[in-house]
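Inspection log for the structure reproduced underneath, given as structure tokens.
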Amino acid sequence: MRYWWVNHNQTFRQEFGGGYIWCPKKNRNGQQNHFYETVREVAPGDVVFSFSDTRIQGFGFAKTHCYSCPRPNEFGRIGDSWDHSGWRVDVAFQKLAIPLRPIDYKDLFAPLLPEKYAPIRAETGYGNQGAYFSEVTKAIALLIANLSDPTLIHLFDTHTANETPGGYETAATAPLCSILEWEDQQQRIIESSTEVSETTRKALVYARKGQGLFKQRVSEFEKACRITRVNNPAHLIASHIKPWRESNNEERLSAGNGLLLTPSIDHLFDRGFITFADDGEVAISPVADKVSLERMGVKTVAPLFVGSFNSDQKYFLRYHREEIFLQAAS
């Protein structure tokens with residue numbers, strides 16, 4: 001379990017009430033931001049403290065891993081200058097009976113704060129402007145519990161993944177509702193479009209499931225799952241490197257945007273638990289369950305190489321590493 005602190009003054013009502021956190025992937029200038037990158041490493045069961053209006057308003061347990069998702073519609077005009085694409089984690093938030101003001105206990109918080117990337121200022125206890133999401137220590141979590149509700153100390157100390165209120169991301173709930181709604185919306189746009197032929201519309205819809213024309217094109221140069229080496233087409237999905245939901249219509253049918261993968265490997269790749277370097281080495285997310293990966297056929301002990309990629313695939317793999325893979329950029 002890890003502990004996190006979210007400063008969300010502008011979007012507190014939407015995020016706390018909606019049971020999630022969301023941030024853009026990049027700064028306004030298109031550069032990476034540590035406080036956004038950090039969200040990529042949240043895992044189910046982690047504790048997230050909610051800070052708004054100078055107070056810790058509540059806390060919650062993460063219900064999902066981080067995933068790529070558009071800016072929520074309920075934000076309205078908030079964050080118009082933010083990138084439309086962002087990182088989301090679903091969180092089971094609950095309010096503290098009495099919101100806690102760190103400024104009243106700044107001398108207790110100060111020695112526990114990290115020297116770099118602290119969510120509040122050590123000298124004042126006020127929020128650190130621009131620090132959307134930060135990791136904090138268990139010592140800070142226990143201090144918050146002790147000051148606000150001592151019964152939380154036992155909860156934080158004994159909490160495990162199976163005890164998370166509201167349940168967890170599981171095979172039964174995947175794909176996540178937000179992702180499914182996003183894809184459904186994109187499919188409705190395609191189906192109602194008058195700018196593409198009926199044949200192309202059908203091909204684009206089939207491509208969502210890794211089938212049809214897209215699979216035929218990918219199969220011209222991909223002959224087996226890159227990891228399991230299964231080569232029977234009946235057991236393979238044409239997996240988009242840049243996800244279907246985030247691609248334009250040309251990219252959705254581009255052979256270079258595809259790999260043939262078994263369903264379990266497709267899941268790991270699509271959700272960012274694994275990715276590939278240009279030289280074919282498999283990279284594993286720090287939040288991935290290595291036991292599960294081993295059972296799915298992904299070796300985690302020694303480096304694993306899966307062969308070379310063509311130039312188009314390398315182009316899309318860069319997107320996957322930067323926009324989908326669940327590991328904060330160093």
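My understanding is that a pair violates if its Cα-Cα distance is over 26 Å; which of Lys223/Lys314; Lys202/Lys223; Lys26/Lys202; Lys116/Lys299; Lys26/Lys63 do that in this structure?
Correct reply: Lys26/Lys202; Lys116/Lys299.
So what is the calculated 222 nm ellipticity per residue for the chain, using -39500 (n - 2.57) for each DSSP H run with n of 4 or more, over all residues, to the nearest 500 deg cm²/dmol?
The helix-only estimate for the chain comes to -8500 deg cm²/dmol at 222 nm.
Write down the Å³ per residue value for the convex hull defined by the alpha carbon atoms of the stretch 177-323.
Spelled out: Cα convex hull of the stretch 177-323, divided by residues, is 110 Å³.
Quick one: which residues, 5+ away or cross-chain, put their amide H under 5 Å from the amide H of Val230? H built at 1.01 Å from N.
Cys225
Tell me, what HN-Hα J-couplings in whole Hz come from the Karplus equation 6.51 cos²θ - 1.76 cosθ + 1.60 at θ = phi - 60° for each residue of the stretch 106-115, using x for Gly and Pro?
With coefficients 6.51, -1.76 and 1.60, one gets 4, 5, 7, 6, 3, x, 9, 6, x, 5 Hz.
Between the DSSP loop rule and a limit of at most 11 other Cβ atoms within 10 Å, which trypsin sites (Lys or Arg not before Pro) in the stretch 61-126 are left?
Qualifying residues, ordered by number: Arg77, Lys116.
Tell me which chymotrypsin sites (Phe, Trp or Tyr not before Pro) from the stretch 51-148 have a DSSP coil assignment and no more than 16 other beta carbons within 10 Å of their own.
Sites meeting the loop and neighbour criteria: Tyr117, Tyr126.
Nearest 10 degrees, 0 to 90: what angle lies between the long axis of helix 177-192 and the longest principal axis of the chain (Cα atoms)?
Its long axis makes an angle of about 40 degrees.
Rule-based calculations on the coordinates, nothing more; no lab input. In this text, all values refer to a predicted model and were calculated from it rather than measured experimentally. Don't worry about glycine lacking a Cβ; one is built from the backbone with ideal geometry, like all the others, and counts go over all protein chains shown.
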